[in-house]
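Structure record follows, encoded as structure tokens.
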Amino acid sequence: MDLGNLPEFWALLAREFQTLESLPSLAEARLLSARAFDESQPAGHRTYMEVERYLGVARDNHEALLALLEHRGATLWAPWSLLRPIFESAFFASWILDPASGRDRRLRGLRCEVLDCYQQRAHRAAFKKLPEARQLIEEAERQQEQGSLAVYRAEAAALGEPFDRVHQRVNLVVELPKLGFVRGQNDFAVFLEGTWRLLSGFEHGLGWALLRGTDRGAETQVPGGAGLFLSINDEQFVLAAKTTYALLANACRLFKARHLEPSPR
């Protein structure tokens, strides 16, 4: 497989993650940074908990992709399916940290945690169909309403945001072009959206994505049609990977900036 200069992106990310691991403690270094101010106010701690988790997801899938390419090779589906969670996690980390306003960063962190909570509720609610589990699940929901959800509502009120807006789904396609490092670069915004849609197609096993991301080889006749030999298209994969890693590198740099530097306003 011809990876072009993709290994340079991998080396860049290794340095970015090493930088994040080496960030000084806010308390010990007495940093008056955006993160320090955010975490001192309602929902601020959620912002950085969410981002650290998303960066961890992206890194885990990135390292799994490297291992896959080294030990199993560039198969038709798995490399693309590992890129998708890297892309989406990098987006959410970037999206949370992107605003210059600390209030907006805190609100976005809260939104992601509330959406996480509602996804948990939907997962548990599926088991209400089991008679022996229904009462336990409903009790857990009541406790959650009085516990974490009550806290979320209080934090939303402190941020001046109606709670029904806090748990609205984040539309990735709408928000991608608004990110600071994308804004004004219309071509790049198009590539980002196109990359996400291609990765989603692979993740869902769609035929159009397979044909888009592969080279066609010898054709054989089979009853009712033809069989094709397919191999991963190096150029398409490398382009998707570079686009994904640009988003991840931006998230890492934003995290470093918010940790070390004061808020722009």
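The values are calculated or read from the model by the stated rules, or taken from the named source; none is laboratory data. The shown structure was predicted, so the numbers you read here are calculated from the model rather than taken from an experiment. Neighbour counts are summed over all protein chains in view; Cβ atoms, including those assigned to glycine, are modelled from backbone coordinates with ideal geometry. Please note that ligands, DNA and RNA were not included when accessible areas were found on the heavy atoms of the full protein model with its side chains. Shrake-Rupley method; radii C 1.70, N 1.55, O 1.52, S 1.80 Å.
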**Message:** At 0.36 nm per residue, and after removing the present C-alpha to C-alpha distance, how many nm does the segment from residue 140 to residue 163 gain when stretched out fully?
**Reply:** 6.2 nm
**Asked** So if we plug the beta-carbon distance of residue 178 and residue 63 into 1/(1 + (r/R0)^6) with R0 = 30 Å, what FRET efficiency do we get, rounded to 0.05?
**Response** 0.50
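Would you work out the charge dipole size for the chain about its Cα centre, treating the Cβ of every Lys and Arg as +1 and the Cβ of every Asp and Glu as -1, and quote it to the nearest 20 debye?
Taking the Cα centre of the chain as origin, the dipole is about 660 debye.
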**Asked** Relative to the first principal axis of the alpha-carbon coordinates of the chain, what is the inclination of helix 44-71, with its axis defined by its Cα atoms, in degrees from 0 to 90 and to the nearest 10?
**Response** 20 degrees
**Request:** For the chain, set up a Gaussian network in which alpha carbons nearer than 10 Å are linked by springs, and say which option among 87, 163, 202 fluctuates the most.
**Result:** 163
**Asked** Carbon and sulfur: what percent of the chain's accessible surface (1.4 Å probe)?
**Response** 53 percent
**Computed label-point distance, nm, for sites residue 127 and residue 208 using a 7 Å Cα→Cβ extension** = 3.8 nm
**Message:** Show me the ranking of peptides 66-72, 173-179 by mean Cβ neighbours inside 10 Å, starting with the highest.
**Reply:** 173-179, 66-72
**Message:** For segment 1-137, what does the relative contact order come out to in percent, with C-alpha contacts under 8 Å and a separation of six or more?
**Reply:** 26 percent
**Spatial separation of Cα centroids for segment 106-133 and segment 157-209, in angstrom** = 21 Å
**Complete:** For residue 72 and residue 28, extending 7 Å from Cα along the Cα-Cβ vector and measuring point to point gives, in nm, a value of 3.9 nm
**Message:** From the gyration tensor of the Cα coordinates in segment 104-173, what semi-axes in whole Å does the equivalent ellipsoid have, largest first, with each one equal to sqrt(5λ)?
**Reply:** 26, 15, 7
**Request:** Read phi for every residue in segment 97-103 and hand back ³J(HN,Hα) as whole Hz from Karplus 6.51 cos²θ - 1.76 cosθ + 1.60, θ = phi - 60°, with x for Gly and Pro.
**Result:** 8, 5, x, 5, 7, x, 4
**Message:** So for the chain, considering every pair of alpha-carbon atoms, how many percent are separated by more than 24 Å?
**Reply:** 57 percent
**Request:** Once you have the Cα-Cα distance between residue 215 and residue 10, take 0.36 nm times their residue separation minus that, and quote the gain in nm to one decimal.
**Result:** 71.3 nm
**Mean Cβ count within 10 Å, highest first, over the residues of peptides 191-199, 7-15, 130-138** = 191-199, 7-15, 130-138
**Request:** Only Cα pairs under 8 Å and at least 6 apart count here; give the relative contact order of the chain as a rounded whole percent.
**Result:** 34 percent
**Message:** Contact order normalised by length for segment 84-220, with contacts defined as Cα pairs under 8 Å and 6 or more residues apart; what percent is it?
**Reply:** 25 percent
**Fill in**
Taking 37-45, 25-33 and ranking on average Cβ neighbours within 10 Å, highest first, one gets 37-45, 25-33
**Message:** Would you work out the Kirkwood radius for segment 62-216? I mean one over the mean of 1/r across all pairs of different Cα atoms, in Å.
**Reply:** 18.5 Å
**Request:** Report the net charge of residues surrounding residue 128, where surrounding means a beta-carbon distance below 13 angstrom and charges are Lys +1, Arg +1, Asp -1, Glu -1.
**Result:** 0
